[in-house]
1. Residues of the range 4-106: accessible area per residue at 1.4 Å, in Å²?
2. With only Lys, Arg, Asp and Glu charged, each at its Cβ (+1 for the first two, -1 for the last two), find how big the charge dipole of the chain is about the Cα centre; round to the nearest 20 debye.
3. Quick check on the chain: helices-only [θ] at 222 nm, where DSSP H runs of length 4 and up contribute -39,500 (n - 2.57) each and the sum goes over total residues. Nearest 500, please.
4. With helices defined as uninterrupted DSSP H runs, which ones in the chain have an alpha carbon span along their own long axis of at least 30 Å and mean Kyte-Doolittle hydropathy of at least 0.5?
5. Find how much the distance from Thr51 to Tyr63 grows on full extension, using 0.36 nm per residue of separation minus their present alpha carbon separation; answer in nm with one decimal.
6. Taking the chain as a Gaussian network, Cα atoms linked when under 10 Å apart, which of Val86, Val14, Val56 shows the biggest mean-square fluctuation?
7. So for the chain, taking the charge dipole from beta-carbon charges (+1 Lys/Arg, -1 Asp/Glu), which of Leu23, Ile2, His75 sits furthest toward the positive end?
8. Using +1 at the Cβ of each Lys and Arg and -1 at the Cβ of each Asp and Glu in the range 4-106, identify which of Phe50, Tyr63, Phe105 lies farthest towards the dipole's positive end.
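The values are calculated or read from the model by the stated rules, or taken from the named source; none is laboratory data. Note that the structure is predicted; figures quoted are calculated from it, not measured. Reconstructed Cβ throughout: ideal geometry from the backbone, glycine too, with neighbour counts over all protein chains shown. The area values use the complete protein model at the heavy-atom level, side chains included, leaving out ligands, DNA and RNA. Shrake-Rupley method; radii C 1.70, N 1.55, O 1.52, S 1.80 Å.
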Amino acid sequence: MISADTILFVLMLVTLVNLARYLTALRSLIYVMREAHPLLYQQVDGGGFFTTHGNVSKQFKLYSYLKTKEYHHHHDPVFTSKCARVRELFILTMALIGVTLLAAFIL
């Protein structure tokens with residue numbers, strides 16, 4: 001029989017891998033955003049997005065942009081596909097974090 005510790009460890013490992021995938025896709029999106037949508041790049045503080053002094057309210061602007069799917073009206077297919085990927089990975093990562101925390105408290 002599989003122990004609860006093993007299940008929790010594997011769940012944490014899967015969550016960490018998906019978090020790394022999400023952060024990599026987000027970094028790639030910001031890189032593509034510089035050329036495809038320069039105004040949004042400035043609004044979300046693209047150059048300082050991953051720094052410790054990054055403006056959180058500007059980072060929420062990108063979250064809102066992806067949540068409302070405003071990227072569907074953009075002309076660049078690479079940009080829209082990266083936005084869709086980041087949005088899907090964000091949803092997956094948040095769901096996995098929730099399940100992992102729930103499992104940690106239950107097990």
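1. Each residue of the range 4-106 exposes 65 Å² on average to a 1.4 Å probe.
2. 160
3. It lands at -26000 deg cm²/dmol.
4. For the chain, where a helix must reach 30 Å along its axis and average at least 0.5, the hits are 4-36, 77-106.
5. On the way: separation 12, 0.36 × 12 = 4.32 nm, distance 1.69 nm.
Stretched fully, the Thr51-Tyr63 segment lengthens by 2.6 nm.
6. Val56
7. His75
8. In the range 4-106, that residue is Tyr63.
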